[in-house]
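J.: Shown below is the structure under consideration.
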Amino acid sequence: MAVYRVCVGTGPYLMAGTLDSIFVTLVGTCGESPKRRLDRVGRDFAPGSVQKYKVRCSEELGELLLLRLHKERYAFFPKDSWYCSRICVTTHGGTLCHFPCYQWIEGYCTIELRPGTARTICQDSLPLLLDHRKWELQARQECYRWKVYAPVSSFEEVESDKKFALIKTVPGADQGDSRGNRYLPGFPMKTDIPSLLPTEPNIRYLATKKTSLLFNAIPASLGMKLRGLLDRKRSWKKLDDIRNITCCHKTFTSADYWILAEVPVHCINGPPQYAASPLCLLWLNPQGALAPLAIQLSQTPGPDSPIFLPTDSDWDWLLAKTWVRNSEFLVHENNTHFLCTHLLCEAFTLLLPHTRYTLQVNTIARATLLNPEGLVDKVPSIGRQDLLYLMSTCLAHFTYTNFFLPDSLRARGVLDIPNYHYRDDGLKTWVVIESFVSEILGYYYPSDASVQQDSELQAWAVHPGELVKLLTAVIFNCSAQHAAVNRGQHDFGAWMPNAPSSMRQPPPQTKGTTLKSHLDTLPEVNTTCSNPLLFWLVSQEPKDQHFTEERPLRNIAIFQSRLAQISRDIRERERNRGLELPYIYLDPPLIENSVSI
């Protein structure tokens, strides 16, 4: 009689436990165990619990290959969800085998877990394991299917096999049909999720995360509603009044826009809105700070496009800078943030945990922000349909260089600008991630030949020499880059004049701005209130966060140690600077693993 000791861990999350019956079957090279129910006195699988059981077999099973986990109905209780973290099995001979799970198991089903020792397809020679790999890959392909996101003039999504998005006629479109519809350069595809709440449990928010998001959002919006701010469709009376909208959720800190040259605009609260495509000349002063020296609010100079200077009247110069900030808002929110982190990172859905919750948050964004009459149609100068045009235009000019931080910084010519903390902290984080990726890949793929021999990896169409760089870029953009472009939005945007979402008057063709004309250009009261609500919500990232071999575990420890040193360097720098505007958005403890909000 061979006895196997099984240790089962349940995740510590809210509602992670189960009342269903749990069985295991151990599969080895010499046979498989009987299906054994895991049952002890009392509740077995409570949240955070670790329970031990014994599985008896008539003979030893040899090397363990798979663990089948069966979840079945118990008595009259309804089916529920169970988050199994991992299962450890001690063999009859004393060998410890880890079977990582780390997933929600819904309903009544059977899943198969492999040992935690990672193996490439070239290392799997047994038919049982090769069949398991094939089944697992097919299951994921069925779960994560692509769908063309093709907005049309009627604001409907359609299935399409075309490589372009079909939308209404807009300036700059280069292909079309006889009905006046235009095809823009390819818009990112989306994961085919039919509803706001995905059916796959492992891409949904945990209950604790949903509760935290609601806790952050409801009080702020309710406070503005009670004060009547969300219903005021008029101009602000004075700039100081804008501070009233941030009293409930303050924080400590509360160049060329050619792409906006032909972007269409729409109406908010009735009147049309406006956008500019300014040129801003920045001067690196002796103190090492960049300061605006001249602003032109269009791409073409002329008598109707004056150049604004710091020597102009205060209101003229302030309005010109406000127009630049409006352009920055449109480009940052739509392209830098949503397109280049959320949507592009969705393409790497299977690279867990660096895309955890990404499908969920993108699904919510499409359903609440990009839906007809959603927030995008109510807040920025450009509406939903025009936003898609803007992102399509950006994607048409997007290259690999944009995806790799060192290459992007070099191409933009900002490697030597002093006091550029995003560059400094970002490059440090990039180097540490790249070193970690290189060490892990070097362990499993010791040569280019081993990469070329891996049929699963080759199906991804990646060149061996580019694998480390590409995976580094994916991890960086899904984590650090998103933190950099997302976490500071409330700090810098809660004061609306610093990030106005829309402009109600056209760019001035002459100088002579007054306080009244400046206020009449800024967003109305109710439009203003929507921005800080969104900024406050997305700036809160509640935490709720698998290798088993010795060498990868050492690599992880070194990786964490290097990140800790970056954190110490950042905090020491901020203490020494003693400035009112710290840059802490790339402090590693504040960076989420994934685009999760």
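The values are calculated or read from the model by the stated rules, or taken from the named source; none is laboratory data. All values reported here derive from a predicted model rather than from experimental measurement. Positions of Cβ are backbone-derived with ideal geometry, glycine not excepted, and every protein chain shown enters the neighbour counts. The accessibility values were calculated without ligands, DNA or RNA, using every heavy atom of the protein model including side chains. Shrake-Rupley method; radii C 1.70, N 1.55, O 1.52, S 1.80 Å.
J.: Of 117, 528, which has the most accessible area and how do the rest follow, probe 1.4 Å?
T.: Values: 117 75, 528 0 Å².
Most to least solvent-accessible, the answer reads 117, 528.
J.: Same structure again: Got the relative contact order for the range 1-86 handy, in percent, Cα pairs under 8 Å and 6 or more residues apart? It would help to have the intermediate numbers written out before the result.
T.: Numbers: 184 pairs, mean separation 40.6, N = 86.
Across the range 1-86, relative contact order equals 47 percent.
J.: Sum up the charges of everything whose Cβ sits under 12 Å from the Cβ of residue 403, counting Lys and Arg as +1 and Asp and Glu as -1, but leave residue 403 out.
T.: Residues near residue 403 contribute -1 overall.
J.: With viscosity set to 0.890 mPa s at 25 °C, what whole-number translational diffusion coefficient in µm²/s follows for the range 404-510 from Stokes-Einstein and a Kirkwood radius over Cα pairs?
T.: Details: Rh = 17.1 Å.
After rounding, the answer is 144 µm²/s.
J.: On to the next question. Applying the Karplus parametrisation 6.51 cos²θ - 1.76 cosθ + 1.60 with θ = phi - 60° to the phi angles of the range 93-98, what ³J(HN,Hα) value in whole Hz is obtained for each residue in order, glycine and proline being reported as x?
T.: Calculated HN-Hα couplings, in order: x, x, 7, 9, 10, 9 Hz.
J.: Counting every Cα pair in the range 374-416, what percent are over 13 Å apart?
T.: Numbers: 577 of 903 pairs.
In whole percent, the long-distance tail amounts to 64.
J.: Report the per residue volume, in Å³, of the convex hull enclosing the C-alpha atoms of the range 315-451.
T.: On the way: hull volume 22.2 nm³, N = 137.
Convex hull of Cα atoms, per residue: 162 Å³.
J.: Quick one: what Rg and Dmax do you get for the range 86-145 from the alpha carbons, in Å?
T.: Cα radius of gyration and Dmax of the range 86-145 are 13.6, 44 Å respectively.
J.: Cα centroid distance between the range 116-134 and the range 575-597, in Å?
T.: Measuring centre to centre over Cα atoms gives 41 Å.
J.: Moving on to the next point. Kirkwood Rh and Cα-based Rg: tell me the resulting Rg over Rh for the range 271-349, rounded to two decimals. Can you show the working numbers first?
T.: Working: Rg = 16.1 Å, Rh = 14.6 Å.
Computed over Cα atoms, the ratio is 1.10.
J.: Can I ask one more? Where the centre of each part is set by its Cα atoms, how far does the range 337-386 sit from the range 409-472, in angstrom?
T.: 26
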